[in-house]
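The values are calculated or read from the model by the stated rules, or taken from the named source; none is laboratory data. Only a predicted model underlies this, so the values are computations on that prediction, with no experimental measurement involved. Positions of Cβ are backbone-derived with ideal geometry, glycine not excepted, and every protein chain shown enters the neighbour counts. Protein only, heavy atoms only, side chains kept; ligands, DNA and RNA dropped before computing areas. Shrake-Rupley method; radii C 1.70, N 1.55, O 1.52, S 1.80 Å.
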Amino acid sequence: MRCVLIIDDNPAVGEALSLALSLRDIRPLVALTPEDGLATLARERVDVVIQDMNFTADTTSGEEGAALFKAIRGRYTDLPVILLTAWTHLEAAVELVKAGAADYLAKPWDDTKLLATVENLLELSETTREVTRARNERRRRREALESKYDLDGLVFASEAMSRTVELACQVARSDVPVLITGPNGAGKERIAAIVHANSPVRRGPFVAVNCGALPGELIEAELFGADAGAYTGANKAREGRFELADGGTLFLDEIGNLPLPGQMKLLRVLETGQFERLGSGRTRQVKVRVVSATNADLKAMIAAGTFREDLYYRLNVIDVNLPPLAERTDDILPLAEFFLDGQAELSEDSREALLAHAWPGNVRELKNAMARAALLAAGGRIEPSHLNLPVPTAATNRNLDEPSRESVEAALATAGGVISRAANSLGLSRQALYRRMERYGLAV
């Protein structure tokens, strides 16, 4: 049951507030002194605190309330605190709100406003606890992964990335081919390196080749090698990537760019471990773990006749999908801090700008943005202007089904300021309504 602690030296205040809260199915607790209040917090689970600013007769400075608030804040950082204040020390309450108090209400208070404030803070407290629980669970999962597998220094915090990394580590123990799918710049080579680091061939070489960065006529020579004179400019024999990766892992990035003749040779290597260099009739034997990656729709390429269906099913024994950065926003700030490497610090506004951006270029775009911002930041503090990100407009954030500012205001007014009721009337979750209130500049 939701619980509110009232700390006030006047028993009548505690009784009045207790009655009002009880009618909303909120459990009230009352403490008459700061010491009793802190002791209650130590033994009870409290969601919101309502505290007075003075506890000694003939005292109006508000210093006792300020000391109590700081004591609560120091021990329970995320616990919302509402201040009850007389007009004589309103300025002191305002200063405490700037320091983190949730709100202040003047005595005598308005029941409707006080209950609406409490309801909203209870909802916010519930959301905060859920976010904290989820964050702690992700941290435990990451620590479990780190204790069991070699994660190659990968930086991540999102649930989506945890699932991807966990799958990559699990399939690494086998010797079957792995296909990593995901957009450009998302970090597919890092996942391939993790597969290698946890595989039986981890002591062997890890050789990466970007099939999309080579001309079509050179890809075969790059993969399988070539004898002298096999093509114009081939003055001497050269080893291919398969030979270099013998006893280890070969990572084939942008596998969809491999031409059909090369696809046929690759299929043979996967099935038999045998191939011939370009221009040579000698069959060579290798043992290589193949990990491939693509951002292309290979099934559509099969339908178009540009990718072999038999090769697709040979490569795609295990499909490890790497989501775009926009779908794992919990990774954005940890990655940004990692790329900065202590060269500069992010302001709160710049953090919000990073989280609001869609990152079409994924992790690669974020890395470049951090490098640029670190160079431009004066005094080592990064502001949104240093990030050079497009400013979201109302047009890009709105769709036809999204409530307007006017409809949000009307819903809040009808609900008496209670977020859950307003959100329900708009067909939104509480979190979604909070985001729209922030976007429209409406006070919570």
Which of the residues belonging to the stretch 34-59 are over 17 Å from E123 (Cα atoms), in contact with a helix residue (DSSP H, G or I) (Cβ under 9 Å, 6 or more places away or on another chain) and not hydrophobic (A, V, I, L, M, F, W, C)?
P34, G37, Q51, D52, N54, T56
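Residue-wise test of (1) modelled with pLDDT of 95 or more; (2) under 30 Å from L244 (Cα atoms).
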| position | (1), (2) |
| --- | --- |
| L278 | no, yes |
| R282 | no, yes |
| R328 | no, no |
| L335 | yes, no |
Return yes when A300 is open to solvent by less than 70 Å² (accessible area, probe 1.4 Å) and either in contact with a His (Cβ under 8 Å, 6 or more places away or on another chain) or among the hydrophobic types (A, V, I, L, M, F, W, C) (or both) and no when it is not.
yes
Go through the residues of the stretch 377-389 one by one and say whether even a single one is surrounded by fewer than 16 Cβ atoms within 10 Å (Cβ to Cβ), of a type outside the set (D, E, K, R), at pLDDT below 95 and in contact with a helix residue (DSSP H, G or I) (Cβ under 6 Å, 6 or more places away or on another chain).
no
Quick check on the stretch 318-328: of everything there that is in contact with a Phe, Trp or Tyr (Cβ under 9 Å, 6 or more places away or on another chain) and assigned to a helix (DSSP H, G or I), which residue is most open to solvent (accessible area, probe 1.4 Å)?
A326
Determine, yes or no, whether L267 is assigned to a helix (DSSP H, G or I), within 28 Å of R203 (Cβ to Cβ) and open to solvent by less than 70 Å² (accessible area, probe 1.4 Å).
yes
Determine, yes or no, whether G281 is open to solvent by less than 70 Å² (accessible area, probe 1.4 Å) and either out of contact with any Phe, Trp or Tyr (no Cβ under 9 Å at 6 or more places or on another chain) or among the small types (G, A, S) (or both).
no
Scanning the stretch 409-444 for residues that are of a type in the set (D, E) and at pLDDT 75 or above gives E409
Log entry, pairs with first residue in the stretch 52-63 being closer than 13 Å to L83 by Cβ and charged (D, E, K, R), second being open to solvent by 40 Å² or more (accessible area, probe 1.4 Å) and in a loop (DSSP other than H, G, I, E, B), beta carbons closer than 8 Å, six or more apart or on different chains, reads D52/D9; D52/N10
Restricting to the stretch 75-128, give me the number of residues that are closer than 26 Å to A432 by Cα, of a type in the set (F, W, Y) and assigned to a helix (DSSP H, G or I).
0
The stretch 420-444 residues that are closer than 12 Å to T127 by Cβ, paired with ones that are at pLDDT below 75 and among the aromatic types (F, W, Y) (beta carbon under 6 Å, 6 or more apart):
none
Open to solvent by less than 60 Å² (accessible area, probe 1.4 Å) and assigned to a helix (DSSP H, G or I): is that true of L17 in this structure?
yes
Taking the residues in the stretch 26-48 that are β-branched (V, I, T) and part of a loop (DSSP other than H, G, I, E, B) as candidates, determine which candidate is surrounded by the fewest Cβ atoms within 10 Å (Cβ to Cβ).
T33
Which of (1) in contact with a Pro (Cβ under 8 Å, 6 or more places away or on another chain); (2) modelled with pLDDT of 90 or more is the odd one out, the single condition D253 does not satisfy?
(1)
Hey, E189 surrounded by 15 or more Cβ atoms within 10 Å (Cβ to Cβ) and closer than 13 Å to A293 by Cβ or not:
yes
So F206 ticks every box in (1) among the aromatic types (F, W, Y); (2) modelled with pLDDT under 95; (3) open to solvent by 10 Å² or more (accessible area, probe 1.4 Å) but one. Which box is left unticked?
(2)
Output for Cβ contacts, cut-off 9 Å, separation at least six or different chains, first residue closer than 11 Å to P80 by Cβ in the stretch 124-139, second small (G, A, S) and outside any helix (DSSP H, G or I), reads L124/A102
